[in-house]
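K.L.:
Got a structure for you, written out below as structure tokens; questions coming shortly.
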Amino acid sequence: MPRIPRISRTKRVLLIVTSALAVSAAALGGGLLWVYATADVSTAGAEFSRELAVPPLAASTVRADGTRVFDLTMRAGQKEFRPGEKTPTWGFNGDHLGPTLRAGRGEKVAVRIRNTLGEESTVHWHGMHLPAKADGGPHQMVAHGATWTPRWTVDQPAASLWYHPHPHGRTEKHVQRGLAGMFLLDDDRSRRLALPKTYGVDDLPVIVQDVTFDGARFDVEHGLLRDTGFLGERTMVNGTLDPYKVVGDELVRLRLLNASTARIYDFGFSDDRGFALIGTDGGLLERPARMDRVLLSPGERAEIVVRMKPGERTVLRSFPHDVYGGGWQRRLAGGDDSFDVLELRAADTLRPSPEVPAELGGLEVPDGADSVRERHFGLLTSGINGKKVRMDRIDLTVVRGTTEIWTVRNEHDTPHNFHVHDVQFRVLEVDGEEPPPRLRGAKDTVFVPPNKAVKLAVRFDGSADPKTPYMYHCHLLYHEDQGMMGQFVVVEKGQRAAKVRTPDPHAGH
Ligand code: C2O
Ligand code: CU
Ligand code: CU
């Protein structure tokens with residue numbers, strides 16, 4: 001065998017290494033290019049072939065003491081989203097999603113929840129002001145076969161709230177399989193105001209979720225390099241794919257709920273018509289705000305009123321949006337995507353609707369003037385203020401009847417939002433500026449743009465319970481499941497937080 005001189009062997013090794021590197025760099029580059037190029041989706045221009053389903057109003061009975069009682073059974077089922085394809089799903093009282101609960105301010109309510117899923121779960125009342133032990137967070141687990149009956153008195157203004165499971169570490173999966181529903185609250189003002197209010201006719205729940213199918217099943221895989229969680233390739237409303245709704249009134253109220261697990265929508269209409277924003281998460285605004293786009297991150301709601309002309313059609317669309325900065329992060333977080341969400345088809349003759357009132361009433365949210373303390377929350381996917389949630393650690397103790405200023409900063413390039421249980425807060429500032437009109441109402445969830453901060457006035461005026469925590473967390477459910485969550489208790493002045501136990505999986509009875 002000829003002896004290879006040392007120098008040339010080095011050269012040869014170098015050559016091999018260099019060409020191997022070049023090949024893998026090209027492969028990696030090509031791979032990344034492919035990931036980038038295939039990461040955006042659009043369903044703009046879709047055909048609308050199915051009539052929009054409207055979740056039924058939940059039946060209830062009223063007990064002698066005035067308590068309105070609802071029954072919700074969590075169960076497995078299957079649903080044909082597309083003809084011939086039976087998708088395994090979960091739902092409340094049905095195969096998928098749940099009925100719309102409805103109650104009035106001042107009413108006592110109780111919900112009997114029966115879990116038949118085959119695994120433990122919870123039901124949380126998102127946006128509801130209620131005692132911590134009725135909240136349905138990860139401390140109120142309901143075992144398979146068990147029944148849990150939270151009770152409370154509705155003590156907040158009319159609003160479009162919702163309910164969904166909140167089991168620690170598995171919320172994304174449980175919501176994605178179909179466990180979600182709306183909880184509408186009414187009050188004297190909402191009954192009196194001349195707003196569209198006939199449920200399912202000129203007042204429509206619009207539960208928006210994104211979905212991907214893998215054959216008949218939901219595909220729940222997160223895409224390559226997606227650090228926001230699951231992003232679906234199409235949307236559905238109230239569990240209907242490609243939905244249209246025939247409307248018979250000049251004004252239509254849409255109660256928009258982003259019930260997606262990670263996707264952020266920038267809603268508007270395909271013809272860019274304007275609409276009136278009349279309500280946010282926690283209820284009606286002081287006065288309607290005209291706009292042509294409304295951004296909703298997961299968990300947020302917006303009530304809008306749109307005007308229709310006889311015989312015309314328009315499409316509720318989610319537009320590409322630049323809330324993440326640019327480039328890769330925007331593309332991979334879904335910022336370049338667009339979806340045709342729901343087509344509104346006006347009948348040839350429309351019932352006349354009164355103009356949207358110019359004044360809707362007073363806002364019941366704190367202004368922060370009487371704040372007793374400030375707190376800071378740094379958001380990273382790895383945890384809030386550097387810590388992942390622990391079920392047996394209370395992160396903060398707040399005093400009943402006080403207001404605090406919370407500054408929440410997104411400390412990196414990934415989109416996050418911030419949700420606080422039990423309260424409706426006021427957004428005082430976004431990145432040092434006055435908030436845009438869509439954030440000038442009662443809020444329980446707020447989008448926190450990458451590398452920016454929001455400042456909130458939060459008031460705790462419910463009941464004290466030093467033993468049972470409420471949660472605050474990012475409502476991108478994958479992040480929440482990863483531990484981007486914290487716990488607080490509300491105590492009486494001078495009281496301290498008690499030791500909390502980790503949730504008992506066999507709770508409920
Ligand atoms: Cu909508 Cu803690 O949740
Ligand atoms: Cu909540
Ligand atoms: Cu997050």
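FYI, it's all coordinate maths here, none of it is from the lab. Bear in mind that the values here come from a model prediction, so they are computed numbers and not experimental data. Here the Cβ is made from the backbone with ideal geometry for all residues, glycine too, and neighbour counts use every protein chain on show.
K.L.:
Please report the antiparallel percentage of DSSP beta bridges with both residues in the chain, rounded to the nearest 5. Walk me through the intermediate numbers first.
P.N.:
Values: 86 of 126 bridges.
So the antiparallel bridges in the chain amount to around 70 percent.
K.L.:
With a Cα-only, solvent-free Debye model of the range 241-333, what are the log10 I(q)/I(0) values at q = 0.18, 0.23, 0.24 Å⁻¹?
P.N.:
Evaluating at q = 0.18, 0.23, 0.24 Å⁻¹ gives log10 I(q)/I(0) of -0.90, -1.29, -1.36.
K.L.:
Expressed in nm to one decimal, what extension gain is obtained for the pair ARG496 and ALA194 from 0.36 nm per residue of sequence separation less their Cα-Cα distance?
P.N.:
On the way: separation 302, 0.36 × 302 = 108.72 nm, distance 4.69 nm.
That pair, ARG496 and ALA194, stretches by 104.0 nm at full extension.
K.L.:
Using label points projected 7 Å from each Cα along Cα→Cβ, tell me how many nm separate SER49 and GLU119, to one decimal.
P.N.:
3.3
K.L.:
Given H placed 1.01 Å from N in the peptide plane, which residues other than close sequence neighbours of ASN417 have an amide H under 5 Å from its amide H?
P.N.:
It is VAL448, HIS475, LEU476, by chain and number.
K.L.:
While we're here: If you plug each phi of the range 63-69 into the Karplus form 6.51 cos²θ - 1.76 cosθ + 1.60 with θ = phi - 60°, what whole-Hz ³J(HN,Hα) values come out, in order, with x for Gly and Pro?
P.N.:
6, 3, 7, x, 6, 8, 10
K.L.:
Assign one of three labels to the range 371-491, namely rounded, prolate or oblate, based on the Cα gyration tensor with a ≥ b ≥ c the square roots of its eigenvalues; rounded applies when a/c is under 1.5, prolate when it is not and a/b is larger than b/c, and oblate otherwise.
P.N.:
Because a/c hits 1.5 or more and a/b fails to exceed b/c, the range 371-491 counts as oblate.
K.L.:
About its Cα centre, how strong a charge dipole does the chain have in debye, to the nearest 20, once Lys and Arg get +1 and Asp and Glu get -1 at the Cβ? Please list the in-between numbers first.
P.N.:
Working: 66 positive and 66 negative charges, 321 e Å.
Roughly 1540 debye for the chain.
K.L.:
Another one. Read phi for every residue in the range 111-124 and hand back ³J(HN,Hα) as whole Hz from Karplus 6.51 cos²θ - 1.76 cosθ + 1.60, θ = phi - 60°, with x for Gly and Pro.
P.N.:
Whole-Hz 3J(HN,Hα) from phi for the range 111-124: 10, 8, 10, 10, 9, 10, 6, x, 8, 6, 7, 8, 10, 9.
K.L.:
Shifting gears a bit: Based on the Kirkwood radius over alpha-carbon pairs, what is the Stokes-Einstein translational diffusion coefficient of the chain at 4 °C with 1.567 mPa s viscosity, in µm²/s?
P.N.:
54
K.L.:
Let me know the volume per residue of the alpha-carbon convex hull for the range 282-336, in Å³.
P.N.:
On the way: hull volume 6.9 nm³, N = 55.
Convex hull volume per residue, Cα atoms: 125 Å³.
K.L.:
While we're here: Kindly state, to the nearest 0.05, the FRET efficiency for ASP413 paired with ASP348, given R0 = 51 Å and r defined as their beta-carbon distance. Numbers along the way, then the final one.
P.N.:
Working: r = 50 Å, r/R0 = 0.98.
It comes out at approximately 0.55.
K.L.:
Which far-off residues, 5 or more places away or on another chain, put their amide H under 5 Å from the one on VAL142, with H placed in the peptide plane?
P.N.:
Here SER121, THR122 satisfy the definition.
K.L.:
Here's another thing I want to ask about it. With a 10 Å radius around each residue's Cβ, average the other Cβ atoms per peptide and rank 185-193, 234-242, 56-64, highest first.
P.N.:
Working: 185-193: 16.3, 234-242: 21.8, 56-64: 12.4.
In descending order of packing, they fall as 234-242, 185-193, 56-64.
K.L.:
With a 10 Å radius around each residue's Cβ, average the other Cβ atoms per peptide and rank 352-361, 487-496, highest first. Mind dumping the intermediate values first?
P.N.:
On the way: 352-361: 14.0, 487-496: 16.7.
With the highest mean Cβ count within 10 Å placed first, the list reads 487-496, 352-361.
K.L.:
Kindly give the semi-axes, whole Å and largest first, of the ellipsoid equivalent to the range 50-192, taking each as the square root of 5 times a Cα gyration tensor eigenvalue.
P.N.:
25, 19, 13
K.L.:
A further question on this structure: Can you compute the label reach from ARG63? Point 7 Å from Cα along the Cβ direction, backbone N cut-off under 15 Å, restricted to the range 94-108.
P.N.:
Residues 107-108 fall inside that zone.
K.L.:
I want to check the label-to-label distance for GLU286 and ASP322. Put each point 7 Å from Cα in the C-beta direction and report it in nm to one decimal.
P.N.:
3.1
K.L.:
Against the longest principal axis of the chain, how steep is helix 6-37, in degrees 0 to 90 to the nearest 10, with axes from Cα atoms?
P.N.:
Rounded to the nearest ten degrees, it is 20.
K.L.:
While we're here: Compare the Cα positions of PRO366, THR349, PHE339 along the charge dipole of the range 312-396 (+1 at Cβ of Lys, Arg; -1 at Cβ of Asp, Glu; about the Cα centre) and return the one farthest towards the positive end.
P.N.:
Towards the positive end, the residue furthest out is PHE339.
K.L.:
Can I ask one more? How much of the DSSP bridge set in the range 203-351 is antiparallel, in percent, rounded to the nearest 5?
P.N.:
Values: 35 of 46 bridges.
Counting DSSP beta bridges with both partners in the range 203-351, the antiparallel share is about 75 percent.
K.L.:
When a/c reaches 1.5 or more, the comparison of a/b and b/c decides; with that in mind, is the range 250-394 rounded, prolate or oblate per its Cα gyration tensor?
P.N.:
On the way: a/c = 2.79, a/b = 1.47, b/c = 1.89.
In terms of gyration-tensor shape, oblate.
K.L.:
Next question, about the same structure. Counting other C-beta atoms within 10 Å, which of LYS133, LYS173 has the fewest, and how do the rest follow?
P.N.:
On the way: LYS133 16, LYS173 20.
In order of increasing Cβ crowding within 10 Å: LYS133, LYS173.
K.L.:
Which distance in Å, rounded to a whole number, links the C-alpha centroids of the range 439-496 and the range 33-108?
P.N.:
26
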